[in-house]
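Notes follow once the structure below has been shown.
The values are calculated or read from the model by the stated rules, or taken from the named source; none is laboratory data. Since the structure is predicted, the reported quantities are computational estimates derived from the model, not experimental observations. Cβ atoms come from the backbone with ideal geometry, glycine included; neighbour counts cover every protein chain shown.
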Amino acid sequence: MINCTYQLVYPRTFSVKYSEIDIEKNVIVRPRYMSICHADQRYYLGKRNVSILKKKLPMALIHESCGEVVYDKSGKFKVGQNVVMIPNFPKKVRPGEYENYSLGAKFLSSGYDGFMREFVELPYDRLVPFKDIPLQIATVCEFISVGVHAINRFNLCAHRYRDVIAVWGDGSLSYVIACLLKILFKNAKIIVVGKNKTKLSYFSFVDETYLTDELPSDLKFDHAFECVGAHGSFYAIDDIIRCIRPQGTAMLLGVSEDKVAINTRDILEKGLTLIGCSRSGKVEFESAVNFLKNSVFQRRLMAIIDEAKPVKNISDIHEVFAYDAKNMFKTVFEWNI
Amino acid sequence: MIFGAILAGGIGTRMNISDMPKQFLMLGDKPIIIHTIEKFLMCARFDKIYIGVHSDWLMYMNDLIEKYNLDKERLVCVHGGADRNETIFNIIKQIKIDYASNNDDIVVTHDAVRPFVTSRIIEDNINAALEFGACDTVIKATDTIVRSKDEKTINEIPNRRFMYQGQTPQSFKISLLFNLYNDLNNEEKSVLTDACKICVVRNTPVHLVLGEVANIKITTVTDYKIAMAMVGGINFD
């Protein structure tokens with residue numbers, strides 16, 4: 001079958017690639033909903049290093065998507081079954097290692113075509129079935145799984161005192177992490193630190209919120225999640241190191257294009273643990289699907305999910321990226337191209 | 001019920017590059033018609049997909065279905081007719097034999113030599129046929145259309161804003177098309193080679209579905225070269 005792939009060839013320029021796919025080898029999925037990640041928006045706007053753009057483009061964007069199985073020769077999935085697609089293709093994973101850090105792993109929409117295609121062909125183990133979850137919500141499953149992965153690692157690595165947990169950042173990832181922490185650590189006080197008052201006001205379910213420039217001098221917490229990234233990484237990590245209690249763990253999730261200077265003297269002195277977290281594996285996708293069935297979690301997520309108009313052609317793709325650029329949180333859209 | 005009808009009745013006299021009908025020429029690793037059938041198979045809304053094939057090539061078609069391991073349960077091959085409409089009506093007659101009549105049944109007819117059709121176009125056809133009874137896939141005309149009756153001078157240059165180029169699929173409520181076709185006399189049947197035209201001359205509205213420029217019909221050697229280039233294949237000389 002000839003498949004259409006909508007590739008970004010230069011920033012703000014798409015082209016259709018036609019290629020044959022073998023319907024026998026893998027499960028064929030028709031993407032139904034997609035959501036935009038900051039990484040997609042950075043490629044679209046050309047806000048990546050020129051050498052990176054030269055190396056990775058042309059490439060189809062989007063790694064957050066859910067769809068419908070339209071063909072599966074193996075019979076493992078039923079036609080019409082809803083599935084979340086996993087963009088991560090691990091290589092060799094030793095027992096006890098996470099698949100998302102495996103050497104040579106492929107990640108769709110980073111060097112390989114993402115989900116902006118007419119059909120996506122994936123091995124059955126890269127699909128997670130779901131039901132009773134609206135597609136607009138299921139499409140952010142990858143995003144949720146990143147949060148689940150960070151919290152799982154935190155739970156394994158951090159010491160057992162979790163009276164106060166801080167989340168740095170007021171964006172979508174902080175929101176999801178805060179939601180999950182609230183569900184998983186019922187006795188912990190969850191505080192969120194951000195720059196934007198309006199965005200912070202969405203975090204109505206947490207115990208306290210603070211603006212970055214109005215942090216109380218006596219602010220103390222046991223552990224922290226940094227979800228700031230970009231130019232804010234330096235200030236966020238610096239504040240966390242300053243305010244965190246000794247022997248605390250800081251989970252780092254914010255992506256920065258530049259190298260970030262950190263205060264190693266205080267890390268040493270306080271005996272802190274800094275853990276880098278990126279992406280997620282199949283186990284976390286499955287957990288994320290289970291979280292998405294939780295009605296409280298669903299309702300909270302709805303507050304940050306904004307649905308743009310359906311995408312039916314390339315000019316709609318441009319519109320949806322323009323829509324996302326003005327959106328404070330997550331943009332999702334129906335894929336009907 | 002919803003039926004697909006892939007029209008492959010031709011015997012390929014325009015191409016002159018092979019004795020084989022053009023729908024059977026290779027595009028990448030598979031014959032053109034196999035790409036088209038596979039695209040229809042990806043649409044779960046089709047209860048059955050009928051393929052109208054010239055009698056001389058029926059066995060060849062069945063062998064291809066076997067060779068490429070297609071889902072035989074969802075495919076039925078029928079004899080093609082002398083022209084496009086006759087092939088459609090042979091398929092409709094077979095549908096009526098297989099499933100009796102139902103007023104709401106629709107058929108999505110498509111040229112076997114348009115393998116670049118997209119699932120969006122197929123879905124839009126199904127929806128439009130269910131809602132409006134008849135639809136045609138079109139794209140806006142980009143070239144100026146010139147009308148000449150004597151093949152020497154221009155009689156008219158219609159406003160391009162109202163001009164479209166017809167593609168396929170063309171989709172219909174089976175009962176509607178069946179009744180209209182049976183109402184035609186033999187002379188009309190020989191002139192009205194396009195199923196949508198039958199609706200239009202009988203004042204039955206045909207809804208427009210937006211096609212794609214890439215949904216080309218592989219009819220000439222140049223089309224074939226373009227199609228090969230589109231899928232990144234080697235040039236054909």
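A few comments on the model shown:
- Scan the stretch A:293-321 for residues that are closer than 18 Å to A:SER172 by Cβ and either touching a strand residue (DSSP E or B) at 6+ places or on another chain (Cβ under 9 Å) or of a type in the set (Gly, Ala, Ser) (or both) and the total you get is 9.
- Exclusive hit being surrounded by fewer than 18 Cβ atoms within 10 Å (Cβ to Cβ) and either assigned by TED's automatic domain parsing to the domain that holds A:HIS318 or not acidic (Asp, Glu) (or both), set A:SER19, A:SER35: A:SER19
- Boolean, A:GLY111 is within 14 Å of chain B (Cβ to nearest Cβ) and either part of a strand (DSSP E or B) or farther than 30 Å from A:LEU253 by Cβ (or both): no
- Listed by position, the strands (runs of 3 or more DSSP E) enclosed by the stretch A:1-101 that each have at least 3 residues that are within 14 Å of chain B (Cβ to nearest Cβ) and within 30 Å of B:LYS72 (Cβ to Cβ) are A:2-10, A:13-20, A:27-35, A:64-71.
- Cβ pairs under 7 Å, 6+ apart, first in the stretch A:260-285 and within 30 Å of A:LEU127 (Cα to Cα), second surrounded by fewer than 14 Cβ atoms within 10 Å (Cβ to Cβ): A:ILE275/A:CYS157; A:LYS282/A:ASP125
- Some residue of the stretch A:270-279 being under 30 Å from A:SER15 (Cβ atoms) and buried (at least 16 other Cβ atoms within 10 Å of the Cβ): yes
- The condition (being of a type in the set (Gly, Ala, Ser) and under 22 Å from the mean Cα position of the chain (by Cα)) is satisfied by just one residue among A:ALA261, A:ALA303: A:ALA303.
- In the stretch A:205-238, the residues that are in contact with a helix residue (DSSP H, G or I) (Cβ under 8 Å, 6 or more places away or on another chain), under 26 Å from A:ARG42 (Cα atoms) and not aliphatic (A, V, I, L, M): A:THR212, A:PHE225, A:GLU226, A:CYS227, A:GLY229, A:TYR235
- The set of residues in the stretch A:207-247 being farther than 26 Å from A:GLU257 by Cα and either of a type in the set (Asp, Glu) or buried (at least 19 other Cβ atoms within 10 Å of the Cβ) (or both) consists of A:ASP207, A:GLU208, A:THR209, A:GLU214, A:ASP218, A:PHE221, A:ASP222.
- Helices (runs of 4 or more DSSP H) completely within the stretch B:139-237 that count 3 or more residues being touching a residue at least 60 places away in the same chain (Cβ under 8 Å): B:174-182, B:195-201, B:221-230
- Verdict on A:ASP213 being more than 21 Å from the chain's Cα centre (by Cα), more than 18 Å from A:PHE291 (Cβ to Cβ) and without any contact (Cβ under 8 Å) to a residue 40 or more places away in the chain: yes
- If you go through the stretch A:114-124 and keep only what is of a type in the set (A, V, I, L, M, F, W, C) and in a loop (DSSP other than H, G, I, E, B), you end up with A:PHE115, A:MET116, A:PHE119.
- Of all residues making up the stretch A:135-145, the number that are surrounded by fewer than 24 Cβ atoms within 10 Å (Cβ to Cβ) and either of a type in the set (A, V, I, L, M) or within 26 Å of A:LYS186 (Cβ to Cβ) (or both): 3
- Of the helices (runs of 4 or more DSSP H) lying entirely inside the stretch A:239-337, those containing at least 2 residues that are assigned by TED's automatic domain parsing to the domain that holds A:GLU64 and under 28 Å from A:LYS17 (Cβ atoms) are A:314-326.
- Picking from residues in the stretch B:134-184 that are of a type in the set (Ser, Thr, Tyr) and surrounded by 10 or more Cβ atoms within 10 Å (Cβ to Cβ), the one that is modelled with the lowest pLDDT is B:TYR181.
- Any hit, the stretch A:117-127, residues being crowded, with 22+ Cβ neighbours inside 10 Å and assigned by TED's automatic domain parsing to the domain that holds A:ILE240: no
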